[in-house]
Amino acid sequence: MALSVPSSASFQQTTLDNGLRVILREVRERPLVGVWMWYRVGGRNELPGTTGVSHWVEHMLFKGGKRFGKGEITKEISRRGGALNAFTWIDCTAYFETLPSSEIDLALAIESDRIYDTRIEPDEAEAERTVVISEREGSENFPEFWLREEVQSVAWREHPYRLGVIGPKSDLRAMSRENLYDHYKRFYMTNNATLVMVGDFAAPELLDKIRAEFDKHPRGPDPSPLNIEEQPQTGERRVLVRRPGPTHYVMLAYHAPEASHADAAPMVVLSSVLGGASSPIAWGGARGLGRSSRLYRALVDGEIATSVSASFELTLDPYLFAVDATLRNGVEPTRAEATILHELERIQHEGVREEELARTKRQLHAQVVYSLEGVTNQGFALGFMDLVARDPAAWQTFPEALQQVTAEDIQRVAKTYLVENQRTAGWFIPDNNQQVAS
């Protein structure tokens, strides 16, 4: 299996006069088109008091604007046999439609209406408050959510990454329609967005359609850059979460480099050696192959945990390398943490064997190839890497860089980043006699 399209011919990009960036990739195999609109706003751009506003605004932009009324966006896409969705993350908010290529005009009209003409009616905003609070409450059913939220809040002192995405109930209950609308008008502008389209079209003709649809929207004020620099951590931090739950959980998180850093590719391979390979540029569908990984053998086969994972996410700013373990009943967190640390130290002191590295690279390559099947997945990869790596070509060059990682690279980054001074350790302790306030 190979990434078959050469980077030099894989896409075209341009920027409209109003600042909208456009990335187009022709894939003429099937009469389909994947449309992604990326906004450079997420949890990273929020402040205490309005945490979760980006996620709430994402919901509101399905409510319709001047051309599409409430419920009409979903109805029109469904009528044409298409699919649509959206997500909010720490670094971005993104919307997508997958449609027959004959329906490109509809997708452009929807995104044009959304970027400028969403009304955010007061009664609709109030009705959606219940939805976003319920979404948070759904996450609260899982101990892993509570543990990760606490670890995030402790791992950072300054950076907004500590606030997550969904927001605490106190903010969700207090935010007003005006908070939502102000956030929308500040960040949902052409000059803060990138339109990515992949599929069965002729790029010059499509670009004319895009200009006709989006040139009418004025450029907005450029959002202020985030000039918050997290100061280096100088010692291990610890957090205990005591709540009702079925068993103990352990999470070890280390400060790690951003996607555009030269060490990002070795960190992905390191996480794959430890926890199993999965595509770092996947939009669903790619699964980690963990049974041969070091942590699986040490903790799951060793009857310490029922599951374990290692993760390194590609982000705009430095984020976290994390190891998460769900412990078997009766196993104490001290034992699990010691086993995890032993495996990390083995890589720091002994490195990885060449046959282990070769197997991991093969698994990573397969996962990347599978994650790029279809126009929707390719549109995600193009837009995502353009956002976090600041280079749309990274949707291909980054997977290629993974295959160039050496055993020396892996040992070096393990020694550099997986150290005590950069670690935040979290334990979830089940306390089923505790009464928890909502």
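The values are calculated or read from the model by the stated rules, or taken from the named source; none is laboratory data. This is a predicted model, so every value here is computed, not measured. Don't worry about glycine lacking a Cβ; one is built from the backbone with ideal geometry, like all the others, and counts go over all protein chains shown.
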For the range 291-307, name all the residues that are in contact with a helix residue (DSSP H, G or I) (Cβ under 6 Å, 6 or more places away or on another chain) and either at pLDDT below 95 or not assigned by TED's automatic domain parsing to the domain that holds Asp386 (or both).
Ser293
How many residues are in a helix (DSSP H, G or I) and either of a type in the set (Val, Ile, Thr) or over 25 Å from Glu303 (Cα atoms) (or both) if we restrict to the range 329-348?
4
Quick one: which of Glu373, Glu400 is surrounded by fewer than 24 Cβ atoms within 10 Å (Cβ to Cβ) and over 23 Å from Phe201 (Cα atoms)?
Glu400
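Return yes when Gly288 is modelled with pLDDT under 95, outside the structural domain of Arg186 (by TED's automatic domain parsing) and more than 24 Å from Gly42 (Cα to Cα) and no when it is not.
Judged against the criteria, Gly288 is a match.
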Restricted to the range 141-153 and to residues being charged (D, E, K, R) and buried (at least 16 other Cβ atoms within 10 Å of the Cβ), the residue nearest to Thr247 (Cα to Cα) is Arg148
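Condition (residue is under 30 Å from Pro399 (Cβ atoms) and in the same structural domain as Glu29 (by TED's automatic domain parsing)) applied to the range 247-265: is it met by at least one residue? Full working, then the answer.
Filtering the range 247-265 down to residues under 30 Å from Pro399 (Cβ atoms) leaves 251-265.
Restricting the remaining residues to those that are in the same structural domain as Glu29 (by TED's automatic domain parsing) gives none.
Scanning the range 247-265 turns up no residue that is under 30 Å from Pro399 (Cβ atoms) and in the same structural domain as Glu29 (by TED's automatic domain parsing).
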Scan the range 77-100 and report the pairs whose first residue is in the same structural domain as Glu373 (by TED's automatic domain parsing) and whose second residue is at pLDDT below 95 and part of a strand (DSSP E or B), with Cβ atoms within less than 7 Å and a gap of 6+ or a chain change.
none
Could you check the range 371-390 and list, in sequence order, the residues that are acidic (Asp, Glu) and either within 24 Å of Pro318 (Cα to Cα) or part of a helix (DSSP H, G or I) (or both)?
Asp386
Spans of strands (runs of 3 or more DSSP E) in the range 1-100 with at least 2 residues of a type in the set (S, T, N, Q) and within 24 Å of Ala174 (Cα to Cα):
none
Any residue at all in the range 33-47 that is crowded, with 22+ Cβ neighbours inside 10 Å, charged (D, E, K, R) and within 20 Å of Thr118 (Cβ to Cβ)?
yes
